[in-house]
Amino acid sequence: MPDAVERFRKLTGKPKRSRREEGRPPVPPREWALVTLLLINILWLSFALGGVRLWGEITALFLSLATLFLLPRWNRGEIQGQPSPVFTLLKLPLFWFGLGLFVYFWIQSWNLAWEWTLVPDAKPKLVSQTPIVPWLPSGLFSPFEESNPVRSMIYYTIPWIACCSAWAGLMTRRSVGLLLHGLAISGLLFAIVALRQHFLDLDRILGIFPTVPSKVRADIPFWGTLVNENHAAFYLILVNGLCLGLFLSGWHRDIRLFKKGGGAWMLYLGFGIVASFAALMAQARGAIGFLVLQWILFLIICSVFLVRSFGKRGIAFPITVVALMATLLLTFVVNPAIFERQKKEWIETFNLVENPELEARYFMTRIGWDMIKDKPWYGHGAGGWRYIHFPYKAKYPEFITEHNQWKPNPYTGKRERRKVTTWFQNAHVDLLEYVIEWGIVGCLFPLMAAGWLVSRAIRSYRGWDAGGLTILMTVLVVWLGAAVEFHFRIPLVLLAWCLAFTTITKLSDLQAP
């Protein structure tokens, strides 16, 4: 009799469901711990001034290295049949490309060609010397807290180890998705803090840290926890892309499962608008153009996805978003103070007369190309731009960087007239500065790592949806911004960008049939 009942249930398509039958397996505890530690690192950098201070950078380094201890498999909760994360790490090309760059910096750290030291008159001076091995990459010696190959080893180890641990240690789609959600929400918190500080007219970052003296009287003395508003705006562009991507991914998943009525994924559209508004309010000229480009590309991806899913009716949503963004932009423009300031800055941007900022960038670019022509293959040493560009600047006497200022005498307290030299700590263009400091050979390591991720993304093209393409598009937009800005010099922006690129590629790899 029981056999007959079971056959009947099979014929009717409704077999008896066992009470012990479980749904999809939960996220293993080890992967939960790994996601939590990665997000703690992001949150730490978000509220530790972006990691630009040595104490913030060192702490982020230890947090990244701690993720390696979460790779060995635990006795409970692990999915059977999965390879060991440690073996996956050792076979991971990202790990070996990063190790190659680390060794490259290590060679530059002891094969010295320059030394930033104090001469007998107690003034710092750049002294040249013969490298120990002339045919190897060479670098510069400077105090540890300054920019040098050793500091670069610390800086780039943070995203390298974090991304390798994320790829090797996260083996389920749910854990990878949790990391993407965490990146988006932590960025939303950054945007809320930035807007709150702005509208309350706070003069200290988080009410604790003062901004740099040169920006005390600026209209935007800082944004969020970053001193440079361009850096904060590009981070918010990345956050906006993550939110919009998660919004489209949730919509795509519900359509595939024939669900109606929406879900929590609808909140991410609002989160993206908040991040976009925060990026606009930063009033960073360099980032506004890329934010507009990001929204245009998003609307194209969104339109194709919705038209394929709903036909002509699908175009209604992009039109609604355009109307909403136009209203937001109008609200931004009609503010008299913001409008006049932006009008003045954009006129100065395109007016080459009496624009010291544009003039400085022009000469920095020319000096940078001269440095590349001098040492194209091995570069001048990681972190060496701020010191080694001085001899090349001497070729341009029309580029005046010295001006008189009234500085207080530390002994008498009286102000004295002194000649001050403007010190450019960065080339203000990330992609150019990488070639200057690392050379063509050193740049091959990150290029090969990015190429491997792109190849994995192409191989797993069946695992991509509209949301994943939106996040990948955002990664590209932020990278293109490095051709005119220098936001990758901030540990927070670089770590978030690398994790977004690695995680979305890993997710498509897991979703591909």
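The values are calculated or read from the model by the stated rules, or taken from the named source; none is laboratory data. Just so it is clear, the model here is predicted, and its values are computed rather than measured. Glycine also receives a Cβ, built like all others from the backbone with ideal geometry; neighbour counts cover every protein chain displayed.
Only one of the numbered conditions (1) touching a helix residue (DSSP H, G or I) at 6+ places or on another chain (Cβ under 8 Å); (2) aliphatic (A, V, I, L, M); (3) loosely packed, with under 12 Cβ neighbours inside 10 Å is not met by I205, and that is (3). Evaluation of A113 against the conditions (1) touching a residue at least 60 places away in the same chain (Cβ under 8 Å); (2) assigned to a loop (DSSP other than H, G, I, E, B); (3) touching a Ser or Thr at 6+ places or on another chain (Cβ under 8 Å); (4) not aromatic (F, W, Y) shows that the sole unmet condition is (2). Only one of the numbered conditions (1) touching a residue at least 60 places away in the same chain (Cβ under 8 Å); (2) under 26 Å from the mean Cα position of the chain (by Cα); (3) surrounded by fewer than 15 Cβ atoms within 10 Å (Cβ to Cβ); (4) within 29 Å of T503 (Cβ to Cβ) is not met by Q82, and that is (2). Going by what's in this entry, would P83 be described as of a type outside the set (D, E, K, R), in a loop (DSSP other than H, G, I, E, B) and modelled with pLDDT of 90 or more? No. What do you reckon, is A500 at pLDDT 95 or above and under 22 Å from G379 (Cα atoms)? It is false that A500 is at pLDDT 95 or above and under 22 Å from G379 (Cα atoms). Is it the case that G187 is among the small types (G, A, S) and within 16 Å of the chain's Cα centre (by Cα)? Against the criterion (among the small types (G, A, S) and within 16 Å of the chain's Cα centre (by Cα)), G187 qualifies. If only residues of the stretch 123-154 that are out of contact with any strand residue (DSSP E or B) (no Cβ under 7 Å at 6 or more places or on another chain) and crowded, with 23+ Cβ neighbours inside 10 Å are counted, the one that is farthest from P26 (Cα to Cα) is P137.
Out of L189, L195, which single residue is over 22 Å from L499 (Cα atoms) and part of a helix (DSSP H, G or I)?
Working: L189 fails: over 22 Å from L499 (Cα atoms).
The conditions single out L195.
Residues that are at pLDDT 60 or above and either under 30 Å from V227 (Cβ atoms) or outside any helix (DSSP H, G or I) (or both) within the stretch 1-34 comprise R24, P25, P26, V27, P28, listed in sequence order.
Does A184 count as modelled with pLDDT of 90 or more and touching a Ser or Thr at 6+ places or on another chain (Cβ under 9 Å)? Criteria not met by A184. Exactly one residue out of S165, S147, S138, S152 is of a type in the set (S, T, N, Q) and modelled with pLDDT under 85, and it is S147. When the stretch 20-73 is filtered for residues that are under 14 Å from P159 (Cβ atoms) and of a type in the set (S, T, Y), the ones remaining, listed by number, are S64, T67.
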